[in-house]
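The values are calculated or read from the model by the stated rules, or taken from the named source; none is laboratory data. Please read all numbers here as calculations on a predicted model, not as lab measurements. Here the Cβ positions follow ideal geometry from the backbone for every residue, glycine too, while neighbour counts run over all protein chains shown. Keep in mind that these areas ignore ligands, DNA and RNA; they rest on the heavy atoms of the full protein, side chains included. Shrake-Rupley method; radii C 1.70, N 1.55, O 1.52, S 1.80 Å.
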Amino acid sequence: MTTVTKPKSGLEDTVATSSAICYLDGDRGVLAYCGYDIHDLAEKATFEEVCFLLWHRRLPTRAELGDLQSQLIAARPLPEAILRLMRTLPAGSAGPGLRDNASGASMDLLRTLTSALGHYDQDAADNSPQANYRKAVRLTAQLSSLVATMGRLQAGGGPIQPDPVSSHAANFLYMFTGERPSGLATRAFDVALILHADHELNASTFAGRVAAATLTDIHSAIVAAVSTLKGPLHGGANADVMKLLLEIGAEAPLERAEEVVRAKLARKEKIPGFGHRVYHTEDPRATHLRQMSRDLGQRAGQPIWYELSQRIEKVVKAEKKLNPNVDFYSASTYYALGIPVELFTPIFAVSRISGWTAHVLEQYSNNRLIRPRADYIGPEYPQRYVPIESR
């Protein structure tokens, strides 16, 4: 019998491929895109620059950045057929009935619409590297428009046409709210997009690469990634964090947060937004989101969500020695921007589409079918077949 090396549960620390896109050091708390530290990018870059970096492995010149911005702007409008489909999908996945649903229903809608986009892409039949790059740009623009429009429908409003001059972050907020966002809100959302853009072989990225390795089309590979992100063990943590904050309540004294968390820990319940499979120190993305949560909460006149989050962090650190991850402070950050809980996971996709497409393009460029082995733990070989009348 052929033997295989036994992997760790969940493939933890198992190297599955080589990649030039994302570098992680869990012991030092390092996250870098193509060699650029996430702290530098969050402080100095724009999301559009990060998209170019992930796709090309270098930062753009001014002319290249302008060209990419123009391509993204041109790709923002959704085909009319997609808007019609969005309105006609069953209640619970689209339309007014979506308003009270959890993020899973929103992800159902995003999954279906992402697949439908493939039917209307002008390069649908062309799988050349040049066409796949154009599709990556269009998908990045279109997923933003999809999620913003979904938010409008959830709130009982109608679609808003994209702004042909705004940045990617500002345009999303405009299409979602119908109002021009403040500079603080735009920059905060831009940084949030940068922080979530890529994270090496996380579950959804790996799923996208596995699909791409079959040489399926890029839309199908991204649908695999979206479908994986829908799973609550991957994409729903920040929504769960906000549900915990809302459970405690805006009118509760801050001590109430500590009481609730200690009671949950005593019942051995998991507190969402803490710990990470890779980082053994603070998630570097949480460092920026903590500051953004505070600044946006103060600006919105809702500092309570940040203050409650601080109390929760204090207890979990003391009791469990766990640090907050990217999801913990992104919850109060998004909420301060006026984004409802059911859109938290789809907004993750608005950012991560840049990393997903970068990994799919990389997979195409040096492809080999991904076909791992399993550690067989079934009945001993060989088993003798017993006729059915004798069983």
For the stretch 123-229, what is the accessible area per residue in Å² when the probe is 1.4 Å?
31
Sorted largest first, extent of the stretch 202-264 alpha carbons per principal axis (Å):
55, 19, 11
Given the Cα atoms of the chain, and with Rh set as the inverse mean 1/r over their pairs in the Kirkwood sense, what is Rg to Rh to two decimals?
1.00
Given a 10 angstrom Cα cut-off, can you work out which residue in 200, 258, 269 is the most mobile in a GNM of the chain?
269
Let me see the pair-distance distribution of the stretch 115-236: every alpha carbon pair, 10 Å bin width, integer percents in order.
12, 35, 37, 15, 1
Can you send over the carbon and sulfur percentage of the accessible area for the stretch 134-229, probe radius 1.4 Å, protein chains only?
56
Accessible area of the stretch 29-93 with a 1.4 Å probe: how many percent of it is carbon plus sulfur?
53
Report Rg (one decimal) and Dmax (nearest whole number) for the stretch 155-291, counting Cα atoms only, units Å.
18.7, 55
When the charge dipole of the chain is computed with +1 at the Cβ of Lys and Arg and -1 at the Cβ of Asp and Glu, the Cα pointing farthest to the positive end, of 324, 156, 30, is that of 324
Kindly state, to the nearest 0.05, the FRET efficiency for residue 270 paired with residue 214, given R0 = 25 Å and r defined as their beta-carbon distance.
0.10
Given the Cα atoms of the stretch 308-378, and with Rh set as the inverse mean 1/r over their pairs in the Kirkwood sense, what is Rg to Rh to two decimals?
1.19
Residues with amide H under 5 Å from that of residue 30, placed H, sequence gap 5 or more:
25
Ignoring everything but the protein chains, give the 1.4 Å probe accessible area of residue 40 in square angstrom, nearest 10.
70
Could you work out how far the C-alpha centroid of the stretch 50-81 sits from that of the stretch 315-350, in angstrom?
27
The stretch 266-368 - convex hull of the alpha-carbon atoms, volume per residue in Å³
143
Gaussian network model of the chain, springs between alpha carbon atoms under 10 Å - residue of 375, 108, 121 with greatest fluctuation
375
Just in the stretch 296-337: which GluC sites (Glu not before Pro) are loop by DSSP and have at most 13 other Cβ atoms within 10 Å?
none
Quick one: if the Förster radius is 41 Å, what FRET efficiency do residue 124 and residue 165 give, using the C-beta to C-beta distance and rounding to 0.05?
0.90
Counting only C-alpha contacts under 8 Å and six or more residues apart, can you give the relative contact order of the chain as a whole percent?
23
Over the Cα atoms of the stretch 232-279 the radius of gyration and the largest Cα-Cα distance (Dmax), both in Å, equal 11.8, 36
Expressed per residue, the solvent accessible area of the stretch 264-357 in Å² (1.4 Å probe) is about 38
What part of the accessible area of the stretch 327-375, given as a whole %, is carbon or sulfur when the probe is 1.4 angstrom?
46
What full-extension length gain, to one decimal in nm, is calculated for residue 44 and residue 115 as 0.36 nm per residue of separation minus the Cα-Cα distance?
22.1 nm
Can you tell me the Rg and the Dmax, both Å, for the Cα atoms in the stretch 125-180?
13.4, 41
Tell me the volume per residue, in Å³, of the convex hull enclosing the alpha carbons of the stretch 348-391.
199
